[in-house]
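S.K.: Here it is: the structure, laid out below.
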Amino acid sequence: MTDILALRPRAEALGQALPPLLASAEHLAATVILGEHGRRRAGMGDEFWQYRPAHEGDSARMIDWRRSARSDSHFVREREWQAAQTVNFWVDSSRSMAFTGDGNRETKAQRAKLVALALAVLLLRGGERVGLTGEAARPRSGRAQVLRLADALTEEGAADYGRPDMTGLVPHGRMVFLSDFLGDMEGVERAMERAADRDVRGVLLQVLDPAEEDFPFDGRTIFESMGGSLRHETLRAGDLRARYLERLAERKDRLATLARASGWHYDCHHTGQGALPALLWLYRALERSS
């Protein structure tokens with residue numbers, strides 16, 4: 001009886017959060033028009049994909065002589081890569097992600113979860129294996145995985161700022177990091193080093209609130225982290241704006257440089273924008289990292 005009572009709040013919270021998140025993610029994913037075969041790419045397989053012009057270094061046995069006979073050029077017959085790829089997500093669940101500068105706007109966490117789940121829907125439709133880092137939702141394929149991911153994404157962390165969880169890292173796979181990346185960068189750098197050691201590439205999407213981009217504060221202001229571990233009071237907040245924006249630009253540049261050095265892709269998205277551009281960028285950037 002005690003166990004049942006303990007599970008009730010969790011079940012009620014899940015019942016409230018899960019359907020809207022799933023419905024929104026499915027709707028967002030549906031706005032992305034994909035080809036019949038999703039994330040198609042050349043590789044080992046049995047199915048014909050396309051002809052391409054022969055390049056220097058292609059051996060004679062690679063040439064499709066029947067197709068080449070119909071033109072003045074040589075063509076290679078490419079097959080479609082059919083092995084499923086593993087894509088792991090780290091979606092920052094720290095308290096920092098609960099921030100919103102406008103009560104009518106999504107929090108950073110809500111936007112990150114929405115975009116992550118919508119991307120997972122697209123990848124699963126393309127036959128990929130998708131999961132979350134950690135133990136909550138190991139990489140799997142199939143429609144049922146969407147429910148597992150949505151369930152796992154309802155969890156919230158206790159720390160003020162997030163650090164990437166690299167548990168369950170799959171060698172030669174792909175990763176997607178969604179965070180505000182406002183905490184200690186050491187955790188991100190170590191995670192990227194571990195990924196590089198295992199030939200894992202991916203994308204970094206920094207999710208910020210417009211207030212964090214613009215710093216619209218002036219006069220007496222109390223700045224406090226969402227978890228309450230950091231607090232700063234000033235009588236002249238406007239005087240801090242230039243220095244704050246400079247440090248934010250330095251953080252973005254550091255993330256972009258780290259991504260380039262690791263063969264990853266970086267972009268910054270803020271919650272004042274629609275979610276679709278972020279989803280499209282993630283999908284295309286992940287494809288470029290394949």
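The values are calculated or read from the model by the stated rules, or taken from the named source; none is laboratory data. Just so it is clear, the model here is predicted, and its values are computed rather than measured. SASA here: full protein model, heavy atoms, side chains in, ligands and nucleic acids out. Shrake-Rupley method; radii C 1.70, N 1.55, O 1.52, S 1.80 Å.
S.K.: Please calculate how many Å² of accessible area segment 205-290 carries per residue, with a 1.4 Å probe and no DNA, RNA or ligand atoms counted. Write out the running numbers ahead of the final one.
M.R.: Details: 4820 Å² over 86 residues.
Per residue, segment 205-290 has 56 Å² of solvent-accessible surface.
S.K.: Rank these by accessible area, largest first, 1.4 Å probe: PHE181, PHE75.
M.R.: PHE75, PHE181
S.K.: Continuing with the same structure: State, to one decimal in nm², a quarter of the convex hull surface area for the C-alpha atoms of segment 195-286, i.e. the direction-averaged projected area.
M.R.: Over every viewing direction, the Cα hull of segment 195-286 projects on average to 7.5 nm².
S.K.: Additional query: Got a number for the accessible area of GLU193? Probe 1.4 Å, square angstrom, nearest 10.
M.R.: We get 110 Å² for GLU193.
S.K.: Does segment 127-185 come out rounded, prolate or oblate, given a ≥ b ≥ c as the square roots of the eigenvalues of its C-alpha gyration tensor, rounded meaning a/c under 1.5 and, failing that, prolate meaning a/b above b/c? Intermediate values should be presented prior to the final figure.
M.R.: Working: a/c = 2.42, a/b = 1.50, b/c = 1.62.
Taking the square roots of the gyration eigenvalues as a ≥ b ≥ c, segment 127-185 is oblate.
S.K.: Once ligands and nucleic acids are excluded and a 1.4 Å probe is used, how much of TYR161 is accessible, expressed in Å² to the nearest 10?
M.R.: Estimated to the nearest 10 Å², TYR161 gives 80 Å².
S.K.: Of the accessible area of segment 145-226, with the probe set at 1.4 angstrom, what percent is carbon plus sulfur?
M.R.: 46 percent
S.K.: Using a 1.4 angstrom probe on the protein heavy atoms only, line up TRP90, TRP281 by accessible area, largest first.
M.R.: Order by accessible area, largest first: TRP281, TRP90.
S.K.: What figure, in Å² to the nearest 10, do you get for the accessible area of GLU156 with a 1.4 Å probe and non-protein molecules left out?
M.R.: 150 Å²
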